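Input: a single structure, listed below in structure tokens.
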Amino acid sequence: MTIKVGVMDSGVGGLTILKAITGAMPSAEILYFADQKYAPYGNLTAPEIAERLVRIGEYFLQQGCHAMVVACNTATVVSIHHLRSSIQIPVVGVEPAVKPACSYTRKKSVSVLSTPVTAASSRLNDLINAWRQDADVEILSSATLAFLIDHMPTSQVEVNLEVQRICAQVLDHRSDTLVLACTHYPLVRAYFEQYLGEAVSILEPSVGVAAQVVRVTSYNEANNLLVSQAENSGLMVQSNGNQAQLEALSHWLEELGLAAQVKSQVI
Ligand code: DGL
């Protein structure tokens, strides 16, 4: 049999998780859905995000998916519990790399960067309280960075300025570890590295999420049969966004070396 996984995000951010999943499960079928019509999720209310997740979960079920990945921190913190009680397949969310950051930091100083919704969530704050031990963990948020990344390359100058602003705060806090707690942010990791240099380690959770998807689907490379073995042949990418948003999705797919055409899908 062929394992099929549905991966969703409000936009292009989930592609960082998708990339890790395709690496860990090369012969699985993967359906990526970008809910761009409703992006950014940070502008929606919690019930609106919950409704979108259930709607997309039902769609993944209809498409024969064996598991659903919520490749978005904002959606995970707001409504993963509701989604899990609403659909019948395993649901994997994103957990910011707070635990490894707190055990890794030598200077006992960590910065966590997220969207304002994730920053204010009890889920992120509980996670930090559970793992911080003697580390000083500051939460930073950006109301614009995910949205700007969704519009690259047009928004490149604004992205650069926003990353520079954030990095000044990280350096001010004397952090030696930065946790990227929004799946969009690893797409511009090079910008962070440029301002932070080698003294600050940047952590993001895509490899851990992919490992969890392998576990919940009992994926086994030897037993997973995909008709064509061509690279990424099992990858389908869909979006309900407008033409410009579809083009941004294609841009990032190409940047990440993921060969798939973006199809328009109304959900
Ligand atoms: N990639 C999403 C996240 O991880 C972005 C959220 C949004 O659309 O506001 O939080």
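Compactness of segment 14-79 was expressed as the Cα radius of gyration divided by 2.2 N^0.38 Å, which yields 1.15.
For segment 1-109, trypsin sites (Lys or Arg not before Pro) are listed when DSSP marks them as loop and at most 12 other Cβ atoms sit within 10 Å of their Cβ; the list is Arg106. Full extension of the chain between Glu138 and Arg215 yields a length gain of 24.5 nm, computed as 0.36 nm times the residue separation minus the alpha carbon distance. In order along segment 8-18, the Karplus-derived 3J(HN,Hα) couplings, from 6.51 cos²θ - 1.76 cosθ + 1.60 at θ = phi - 60°, round to 9, 8, 5, x, 8, x, x, 5, 5, 6, 4 Hz, and Gly and Pro are given as x. Helix 122-131 and the longest principal axis of the C-alpha atoms of the chain enclose an angle of approximately 60°.
Only the Cβ atoms of Lys and Arg (+1) and of Asp and Glu (-1) were treated as charged; on that basis the dipole of segment 66-180 about its Cα centre amounts to roughly 300 debye.
Here the 3J(HN,Hα) profile of segment 133-145, calculated from phi with Karplus coefficients 6.51, -1.76 and 1.60 at θ = phi - 60°, is 6, 9, 7, 8, 10, 9, 9, 10, 9, 10, 7, 10, 4 Hz, Gly and Pro shown as x. Stokes-Einstein, applied to the Kirkwood radius of the chain over Cα pairs at a viscosity of 1.567 mPa s and 4 °C, places its translational diffusion at 69 µm² s⁻¹.
Amide hydrogen proximity for Asp136: with H placed 1.01 Å from N in the peptide plane, the residues at 5 or more positions away or on another chain lying under 5 Å are Ser109, Val110. When exposed loop sites are taken as GluC sites (Glu not before Pro) in a DSSP loop with at most 16 other Cβ atoms within 10 Å, the longest stretch of the chain clear of them is 1-197. Only helical runs count toward this figure. For the chain, summing -39,500 (n - 2.57) over DSSP H runs of n ≥ 4 and dividing by all residues gives -13500 deg cm²/dmol at 222 nm.
With contacts taken as Cα pairs under 8 Å and at least 6 residues apart, segment 13-82 reaches a relative contact order of 41 percent. Tell me, rounded to the nearest percent, the portion of alpha carbon pairs in segment 148-242 spaced more than 19 Å apart. That fraction is 59 percent. Per-residue Karplus couplings for segment 157-162, computed as 6.51 cos²θ - 1.76 cosθ + 1.60 with θ equal to phi - 60°, are listed in order as 5, 5, 4, 4, 5, 5 Hz, Gly and Pro entered as x.
A short reminder: the numbers here are calculations on the coordinates, not readings from a lab. This structure is a prediction, so every number in the text was calculated from the model and none was measured. All Cβ positions, glycine included, derive from the backbone under ideal geometry; neighbour counts span all protein chains shown.
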